[in-house]
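The values are calculated or read from the model by the stated rules, or taken from the named source; none is laboratory data. Computed from a prediction, not measured in an experiment: that's the story for all the values here. Here the Cβ positions follow ideal geometry from the backbone for every residue, glycine too, while neighbour counts run over all protein chains shown. Protein only, heavy atoms only, side chains kept; ligands, DNA and RNA dropped before computing areas. Shrake-Rupley method; radii C 1.70, N 1.55, O 1.52, S 1.80 Å.
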Amino acid sequence: MNPLTLLLAILGLTGFALGAVLTATGPLEMGVIIMGLGLVFQTISLARIRRAKARETQ
């Protein structure tokens, strides 16, 4: 797997988890924003994985 794709996936998981903790314990708005950014990173990494699999099968 491409190191950048792996980094994006890790950032996505970490961002979502951090956002969930912040939402539950402190500033609601900041937690929701960080959770959203985590989901964006996850979406980007999943799109890159799908594109890599499509190239692999061709």
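Overall, the accessible surface of the chain at a probe of 1.4 angstrom is composed of carbon and sulfur to the extent of 73 percent. Model label sites at Thr25 and Val40, defined 7 Å from Cα along the beta-carbon direction, differ in position by 2.4 nm. Against the chain, whose longest principal axis is taken from its Cα atoms, helix 3-25 shows a tilt of about 20°.
For the chain, the solvent-accessible area works out to 75 Å² per residue, with a probe of 1.4 Å and every protein chain left in place. Here the chain is treated as a sphere whose radius is the Kirkwood value from Cα pairs; by Stokes-Einstein at 10 °C and 1.306 mPa s it diffuses with a coefficient of 134 µm²/s.
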